[in-house]
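Trainee: Encoded as structure tokens, here's the structure I'll be asking about.
The values are calculated or read from the model by the stated rules, or taken from the named source; none is laboratory data. Just so it is clear, the structure is predicted and the values come from calculations on it, not from any experiment. Cβ atoms come from the backbone with ideal geometry, glycine included; neighbour counts cover every protein chain shown. Accessible surface areas use protein heavy atoms only, side chains included; no ligands, DNA or RNA. Shrake-Rupley method; radii C 1.70, N 1.55, O 1.52, S 1.80 Å.
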Amino acid sequence: MSDHDPTVVRPVPKPRVPLGIEEVLVAITMAVVALITFANVVVRYLTDVSFAFTEEYSIALMVILTFLGASAAVVKDRHIRITFITDKLSPANRRRTEQFAMACVALMYGLLVVYGTWTTWDDYRFEVTSPALGLPQWIYTIWLPVLSLVVLARTIGRMIRIHRGTEPLETGHIPEGEP
């Protein structure tokens, strides 16, 4: 009849590892990005000098922020989806479809763990340095496999909750007879 209302607050699942960890880290990361960006703007405005290093740090922190957000999205079942077909499926088939989607997410983040680890090892082994500050590049690239592993663990946890039937599945369709 009508589409799911995205403004409706849905209950947040209760995973074994509290979701508050990601939420606190997201808040800290955003605060640090805001502070260094603000400092750069103020210094540039007052002195015509730019803190070039802030761009390097901001980019690294935005990558961290993206992975933390992906982890929270998996737990809260807020990943992007197209529900036109799945809304027409029976609850059992919708559950199977969601399990398949979570398996695809797990595969992708598993690959990121493997390839991110190889990249980090190469950066360490070949002593690659960052472009702006000349810091060891592995300090930045290590977050790719580490945070991919976090998202992978959250995905597996969600797959287990779906399999056990302890997590309701999202449906974009409001059944007939409901307002």
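Trainee: Net charge within 13 Å of Gly157 by Cβ-Cβ distance, Lys/Arg positive one each and Asp/Glu negative one each, not counting Gly157 itself?
Mentor: Working: positive: Lys14, Arg16, Lys76, Arg154, Arg158, Arg161, Arg164; negative: Glu22, Asp77, Glu167.
Here the charged neighbours net out to +4.
Trainee: Keeping all protein chains in place, calculate the accessible area per residue for the stretch 19-164 (probe 1.4 angstrom), answer in Å².
Mentor: On a per-residue basis, the stretch 19-164 sits at 62 Å².
Trainee: Along the Cα→Cβ direction, 7 angstrom out, place labels at Asp48 and Trp118. What is the inter-label distance in nm?
Mentor: Between Asp48 and Trp118, the label points sit 5.0 nm apart.
Trainee: Continuing with the same structure: Multiply the residue separation of Ile80 and Ile139 by 0.36 nm, subtract the distance between their alpha-carbon atoms, and state the gained length in nm to one decimal.
Mentor: Roughly 18.2 nm would be gained on extension.
Trainee: Are there trypsin sites (Lys or Arg not before Pro) in the stretch 22-121 that DSSP puts in a loop and that have at most 15 other Cβ atoms within 10 Å, and which ones?
Mentor: Listed in order of number, the matching sites are Arg78, Arg81.
Trainee: If you don't mind, another one. How far is helix 20-47 tilted off the main Cα axis of the chain, in degrees rounded to 10, range 0 to 90?
Mentor: The answer is roughly 40 degrees.
Trainee: Which length gain, in nm to one decimal place, applies between Glu127 and Ile59 when the Cα-Cα distance is subtracted from 0.36 nm times their residue separation? Before the final figure, lay out the partial values.
Mentor: Numbers: separation 68, 0.36 × 68 = 24.48 nm, distance 2.04 nm.
Contour length minus the Cα-Cα distance gives 22.4 nm.
Trainee: Modelling each spin label as a point 7 Å along the Cα-to-Cβ direction, I'd like the Cys104/Asp87 distance in nm, to one decimal.
Mentor: 1.9
Trainee: What longest region of the chain stays clear of chymotrypsin sites (Phe, Trp or Tyr not before Pro) that DSSP places outside H, G, I, E and B and that have at most 14 other Cβ atoms within 10 Å?
Mentor: 1-83
Trainee: Here's something else I'd like to know. Got the relative contact order for the chain handy, in percent, Cα pairs under 8 Å and 6 or more residues apart? Walk me through the numbers before you get to the answer.
Mentor: Values: 160 pairs, mean separation 54.6, N = 179.
Relative contact order comes out at 30 percent.
Trainee: Under a no-solvent Debye model with one identical scatterer per Cα of the stretch 2-70, what's log10 I(q)/I(0) at q = 0.20, 0.25 Å⁻¹?
Mentor: So the normalised log intensities are -0.87, -1.06.
Trainee: If you average the sequence gap of Cα pairs under 8 Å that are 6 or more apart and divide by the length of the stretch 105-148, what percent do you get for the contact order?
Mentor: After rounding, I find 47 percent.
Trainee: If each DSSP helix of 4+ residues adds -39,500 (n - 2.57) and the sum is divided by the residues in the chain, what number results at 222 nm, nearest 500 deg cm²/dmol?
Mentor: -22000 deg cm²/dmol
Trainee: Could you tell me what fraction of 2.2 N^0.38 Å the Cα radius of gyration of the chain comes to, as a two-decimal ratio?
Mentor: Numbers: Rg = 20.6 Å, N = 179, 2.2 N^0.38 = 15.8 Å.
Working it through for the chain, the quotient is 1.30.
Trainee: Put Arg158, Arg164 in order of accessible area, largest first, 1.4 Å probe: what do you get?
Mentor: Result, largest first: Arg164, Arg158.
Trainee: Now for a separate question. Ignoring ligands, DNA and RNA, please state the percent of accessible area on the chain from carbon and sulfur, probe 1.4 Å.
Mentor: Here carbon and sulfur together make up 71 percent of the probe-accessible area.
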